[in-house]
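To start, I am sharing the structure in question, which I have written as structure tokens.
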Amino acid sequence: MSAAITWRDIADQLTPDQVEKLTTLESTSRSPADEVAEGLLEAARETAAANVVNSVIFGDVERPSDARRFCVFSDEMVEDGVWTRSFDGTQRKVADVEVYISGLQYADGRVERTIGIEARDEYDSETARRLAAALLEAADEVDRLSA
């Protein structure tokens, strides 16, 4: 165990996304400050350890070219104990609808991508056509990246 006092003492061992996540948790938590600090330090230690394991064991697995953000490899994502990591690909926005590509990468480098939609409203025909175009564009991208 390191002699770290706060999670920020080991922030150099975390990715920018991981630091951002801990910073957000720190600023939005309503729990007592000492409990938050203890929980964040434990989370930072576990995440830093996972980063080291990932760089040693899976350091030669090339990241998907379209991955904007990705998680560390874990054996918890699939039932058969195969190591995978999830990632976020590109994103398109039409009105208040988000069309996004995400995926799962296996330890052998294989990648499976899916297209997701987050919608919050009803849409007129023009917006629906723009949304359909964004979905077709995302489908074409997944096909191109999977070829």
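Give segment 1-45 a look and list any residue that's of a type in the set (Val, Ile, Thr) and assigned to a helix (DSSP H, G or I), or say none.
Ile10, Val19, Thr23, Thr24, Thr28, Val36
Taking segment 105-147 as the region of interest, how many residues are in a loop (DSSP other than H, G, I, E, B) and either surrounded by fewer than 12 Cβ atoms within 10 Å (Cβ to Cβ) or at negative phi (or both)?
The qualifying residues number 10.
In this structure, is Asp88 among the charged types (D, E, K, R) and under 12 Å from the mean Cα position of the chain (by Cα)?
In short, yes.
When you check Arg110 against the structure, is it within 24 Å of Lys21 (Cβ to Cβ), of a type outside the set (A, V, I, L, M, F, W, C) and outside the structural domain of Pro16 (by TED's automatic domain parsing), yes or no?
Spelling it out, it is not the case that Arg110 is within 24 Å of Lys21 (Cβ to Cβ), of a type outside the set (A, V, I, L, M, F, W, C) and outside the structural domain of Pro16 (by TED's automatic domain parsing).
May I pose another question? Those residues that are farther than 14 Å from Tyr106 by Cα and not hydroxyl-bearing (Ser, Thr, Tyr), I need them from segment 51-66; list them, please.
Answer for segment 51-66, where residues must be farther than 14 Å from Tyr106 by Cα and not hydroxyl-bearing (Ser, Thr, Tyr): Asn51, Val52, Val53, Val56, Asp66.
Determine whether Arg85 is outside any helix (DSSP H, G or I), more than 29 Å from Asp9 (Cα to Cα), free of Cβ contacts under 8 Å to residues at least 60 places away in the same chain and of a type in the set (Lys, Arg).
In short, no.
Among the residues of segment 61-69, is there at least one that is in a loop (DSSP other than H, G, I, E, B), acidic (Asp, Glu) and surrounded by 14 or more Cβ atoms within 10 Å (Cβ to Cβ)?
Checked against the condition, which is being in a loop (DSSP other than H, G, I, E, B), acidic (Asp, Glu) and surrounded by 14 or more Cβ atoms within 10 Å (Cβ to Cβ), segment 61-69 yields at least one hit.
On to the next question. Yes or no: Gly89 surrounded by 14 or more Cβ atoms within 10 Å (Cβ to Cβ) and within 25 Å of Ala67 (Cβ to Cβ)?
Here the answer is yes, as Gly89 does meet what is asked.
It is to be established whether one or more residues within segment 44-65 are of a type outside the set (Lys, Arg), over 30 Å from Glu112 (Cβ atoms), without any contact (Cβ under 8 Å) to a residue 40 or more places away in the chain and not assigned by TED's automatic domain parsing to the domain that holds Val111.
No; the residues of segment 44-65 include none that is of a type outside the set (Lys, Arg), over 30 Å from Glu112 (Cβ atoms), without any contact (Cβ under 8 Å) to a residue 40 or more places away in the chain and not assigned by TED's automatic domain parsing to the domain that holds Val111.
Something else about it: Take Tyr123 and decide whether it is assigned by TED's automatic domain parsing to the domain that holds Asp140 and in contact with a strand residue (DSSP E or B) (Cβ under 7 Å, 6 or more places away or on another chain).
no
The values are calculated or read from the model by the stated rules, or taken from the named source; none is laboratory data. All figures in this text were calculated on a predicted structure; none of them were measured in a lab. With ideal geometry, Cβ positions are generated from the backbone for all residues, glycine too; neighbour counts draw on all protein chains shown.
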